[in-house]
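Following: one structure in C-alpha cells, then a few remarks.
The values are calculated or read from the model by the stated rules, or taken from the named source; none is laboratory data. The shown structure was predicted, so the numbers you read here are calculated from the model rather than taken from an experiment. Here the Cβ positions follow ideal geometry from the backbone for every residue, glycine too, while neighbour counts run over all protein chains shown. Just the protein is used for accessible areas: all its heavy atoms, side chains included, with ligands, DNA and RNA removed. Shrake-Rupley method; radii C 1.70, N 1.55, O 1.52, S 1.80 Å.
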Amino acid sequence: ERRAVSSAPEQPTMAADKPVKKFTLRKPPKKDAPVKAKTGTESPRKGESGTKPGEKSERSKFREIEIDHKVLARIKTSAICTPMGSAMRVANRSPEGKELREKEANYRGFSRPPLYTDIPQAVVNMIGERAKDKLTFIAAAMSVESMPPPVLPEVAFCGRSNVGKSSVINAVTLSTTVRSSDKPGMTQTFNFYVLPRRLLVADLPGYGFAFADPRKMETWKMLMDQYMSKRKPLKRIFLLIDARHGLKKADEEFMERLEKSRCQFQLVMTKCDLVQADDLARRYAIMAKHLEQYAKCIKTIRMVSAYTGAGLLDLASDLYQLSNKPNTKNDATPQMGGKRHKDDDDAGDL
C-alpha cells in the first residue's frame, strides 16, 4: 500500500547544547537612596573613621607635623629604627663584634642585642658581669609594707600593658630574670629586682589590661599614689610609650598623677625598630611639646629597641647616674670575656 505523505514542512530541530535565553525586566533604581558622592577625605586605613567634607584626616594632620632635623639625624645615626635583619648584618661586619659574640656564646643567663655594644666599664660594673652580681628578683608586693627596705637608690618602669617593660629591663641589664609575655596584663604586682650594691629596679603593673576589674583598678591607683609619695629612695620613674602609637589618654592621665605626686619621671619610647624614622621623629616632636607643661619631667626622651639593642646604651647611662657607686677597689670587675677574679671560682659564668 502507498503510505500517506504529509504536505506540512518539517520543523527545524534546536541544538541540545544551546541554552534558551530568558529575558527579565531590570528593576529601576530606588529614588530614596541616592549614592553618596566621595569627597576625597575619607580615611583609607582600617579602623579610622571618615572625616567631614573639607576636613583633613588624622593621618594627613600627622604627616604635616614639622620634623626636627637634629632629632631625625640622631635617629639615623644611632640606627634606632633599624630592623633586626639589618642590625645583625651591621654587627656581623665588625671583627670586634664577631669576637665578642664568640666569647658570649658560652655565657648563660643573657643574650646581647646586636646593637648594644661598646658598653663602658662603669656600666658593666653596675649591671654585673658575674652570676652573683646580675639582676636578681627579691620581692613581689601589693602593699607598701610588703615592699623591700629602702637601702639602695630605686628606679621604676611603668607603662601601658604590653608596652615592653619586662623586655627593656632584661635587655638593658643583659639578663633574663624578668618574666616577659606577649599576653597583656601578666604583671599584676609590684615586682622588685636588685643589682647588688647598686640599684633597686621596680617593674610596675601595666595600666590597661592588667586590671580590668574596677575594684582592682582603684586598689592599684591607691597603691601607686602611696608608692610615688612615700617611697623615699625612688629616684625616677621611666614611663614607657609604644613608639607605634605615641601618647594615649591613659598615658596622659598617668603623667598627671606623677606630676601631682612630684615624682621625677622620664619618657622612653619602645619598639622603635617597628617604626619609620620620619614617623618616629614626628611622635618625638608631639611628646616633646606635650612635656612642656610638666615641671617634674626630664625633657630628654629616650628611644630604644629591646629587640635590636638600639638606644639601650643611653638608657643604661641614665641608670648608672642614678645608681649607688661604691668607692672600693675590689668592686671593679673585668670586661666581658676578660680574666676572672680569684674569688670567682664558684660564681659561674653569666
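Cβ separations smaller than 6 Å between residues 6+ apart or across chains give the following pairs from segment 123-146 residues that are under 17 Å from A202 (Cβ atoms) to residues that are part of a strand (DSSP E or B) and not aliphatic (A, V, I, L, M): L135/Y193; F137/Y193; I138/F192; A139/F192; A140/N191; A141/F190.
For every residue, the table says whether it meets (1) β-branched (V, I, T); (2) more than 19 Å from P326 (Cβ to Cβ).
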position	(1), (2)
E129	no, no
A141	no, yes
F157	no, yes
T173	yes, no
R179	no, yes
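One residue stands out among those in segment 291-305 that are open to solvent by 40 Å² or more (accessible area, probe 1.4 Å) and assigned to a helix (DSSP H, G or I): the one that is nearest to S261 (Cα to Cα), which is Q293. Any idea which residue in segment 220-235 is modelled with the highest pLDDT, counting only those that are within 25 Å of V172 (Cα to Cα) and open to solvent by 70 Å² or more (accessible area, probe 1.4 Å)? Per the criteria, the residue is K235. Just one of (1) of a type in the set (S, T, N, Q); (2) surrounded by fewer than 16 Cβ atoms within 10 Å (Cβ to Cβ); (3) touching a helix residue (DSSP H, G or I) at 6+ places or on another chain (Cβ under 8 Å) fails for T308. It is (2). Of all the listed residues (S43, S60, S78), the sole one being of a type in the set (S, T, N, Q), modelled with pLDDT of 75 or more and surrounded by 13 or more Cβ atoms within 10 Å (Cβ to Cβ) is S78. K339 meets all of the listed conditions (1) at pLDDT 50 or above; (2) part of a loop (DSSP other than H, G, I, E, B) but one, namely (1).
In segment 155-178, the residues that are of a type in the set (F, W, Y) form Cβ pairs under 7 Å with partners that are open to solvent by 10 Å² or more (accessible area, probe 1.4 Å), at six or more places apart or across chains, as follows: F157/K165. Filter segment 100-122 down to residues that are buried (at least 16 other Cβ atoms within 10 Å of the Cβ) and part of a helix (DSSP H, G or I) and give me whichever is modelled with the lowest pLDDT. That would be E104. Does M217 meet the test of being over 18 Å from V168 (Cα atoms), surrounded by fewer than 17 Cβ atoms within 10 Å (Cβ to Cβ) and among the aliphatic types (A, V, I, L, M)? Against the criterion (over 18 Å from V168 (Cα atoms), surrounded by fewer than 17 Cβ atoms within 10 Å (Cβ to Cβ) and among the aliphatic types (A, V, I, L, M)), M217 qualifies. Can you spot a residue in segment 181-203 that is buried (at least 18 other Cβ atoms within 10 Å of the Cβ), modelled with pLDDT under 90 and assigned to a loop (DSSP other than H, G, I, E, B)? For segment 181-203, residues buried (at least 18 other Cβ atoms within 10 Å of the Cβ), modelled with pLDDT under 90 and assigned to a loop (DSSP other than H, G, I, E, B): present.
L319: out of contact with any Pro (no Cβ under 6 Å at 6 or more places or on another chain), closer than 25 Å to K132 by Cα and modelled with pLDDT of 95 or more, yes or no? So L319 passes the test. Restricted to segment 251-284, and to residues there that are over 18 Å from the mean Cα position of the chain (by Cα) and not basic (K, R), the residue that is surrounded by the fewest Cβ atoms within 10 Å (Cβ to Cβ) is E253.
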